[in-house]
Structures are given as C-alpha cells and as structure tokens.
Amino acid sequence: MQNKLQPEVSKLLEEAETFSQQGKRQKAYQSSLKATTIAPGESLAWYLRSQHAPSREEQLMCLSRAYSLDPNHTETKKDLHAAVHALVKQEPFLAYVYETELFYQVRSGRDLLINVPKDRTFEVPYLKKKPGLAQPAFRWLTFALVALFLGGVGAVLFAPVAAFQALRLQASAPTDGERTRLLIVFILAVIIWLVAIPISWLLLIRFYPA
C-alpha cells in the first residue's frame, strides 16, 4: 500500500512547493493537507503544511508533528522555536507533560500539545544511571541501609563491606564519574556505620539488659 501511495504523496509535495513559489498559499495548503492525510508519517508534508496553515494553532501542531518525525530537519527546528516563542508571548505559562531525549512536550492553555526542541544534550538523572562497575558496592550499601532501618545490627556488618568494595574498585574505575560514584558509596557507608553503632548498642541493651 505504501508503494502505491508514495508517488501520489511526492506529486502532492511538489505541487505544494510549486504553488508556494507562485504565491498561491491556499492551493499549497490544500496539497500539503492531502499529503499529511495520505501519509501521516511524512515529515516534509507536515512541514510544508505548517508554512501555509491558516491558524497559529495548526502551524504549531504541524511543526510539532514534523519535528517529532524528523528532529534533524534544521528548518523545522528553527521555525518551531520561533513559533513557540511567539506563543509564549501570548501564553506565558505552558504546562509540562513529559520529555524525551530530543524534546519537551508541553500543553498550551488551549490544550494544544507542543514538542519543544531541546538545546542541550540529554542526560540521564544521576540516581537513574546504571551502577556499572560500582554495582557490588551499591548492593552492599543497599543491604546496610535496609539493615539500619531494621535495627542497625546488620548495618554494622554490611556498611564496612560496602566501604571496602568501594575502595577496592576505585583502582580499576575507568572514568572520573565511576570514581566519584564509588567515593560517594564509601562516604555513605561510613556514615551508615557510624549511625548504626549507637542504634545497635541501644537495641542490644534493650533486649539483653545487664
């Protein structure tokens, strides 16, 4: 089915560009509208439709759709930035919906979903990063933390193991990031151990009074 549609879509896109060059905006819009109807996954069709959209809302919708289909298209990204800036002047508040590595999705006051391109590199939140080399140390640190909440006795044993694992893995850590993570594990393990000692002592006194 796609093979049959492709020539028709190409023809409609050529028509839209020709009409645009001739200043026939309405005809250019109609051709691009047909193209997006036939091939909703064609980013160029959405971009051409945005150039002749009769309303700002439709222009934003088309640009958002075109950008989500082809984030590398420079003109789409530039026009989408400009359209979003114009919208912000009218609606200072845009509600955050979610984000991907490439864009934020926000909702306007008219319930229009807009994809806003990111100008910075996507970074995984620190706490969501995979432990990698530091995984054994993290595992013992988790045991120590759980034991601390359960009375502290187990934490006295597990926390030193976590600290030892962190120090042992420091020498083979391939990156500064890994070394920093291991250092944090070591510091947390020491803190847990220091906190666990008096808690464990109080617990033992309670159950085994002199």
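Filtering region 143-181 down to residues that are over 21 Å from Leu194 (Cβ atoms) and polar (S, T, N, Q), which residue is modelled with the highest pLDDT? Step by step, filter region 143-181, then rank; the result is Thr180. Any residue that is among the aliphatic types (A, V, I, L, M) and free of Cβ contacts under 8 Å to residues at least 24 places away in the same chain - is there at least one of those in region 9-22? Taking every residue of region 9-22 in turn, none turns out to be among the aliphatic types (A, V, I, L, M) and free of Cβ contacts under 8 Å to residues at least 24 places away in the same chain. Checking the structure you have, find out if any residue of region 91-99 is closer than 30 Å to Thr180 by Cα, at pLDDT below 80 and crowded, with 21+ Cβ neighbours inside 10 Å. No, the conditions are met nowhere in region 91-99.
The values are calculated or read from the model by the stated rules, or taken from the named source; none is laboratory data. This is a predicted model, so every value here is computed, not measured. Using ideal geometry, Cβ is built from the backbone for each residue, glycine included, and neighbour counts are taken over all protein chains shown.
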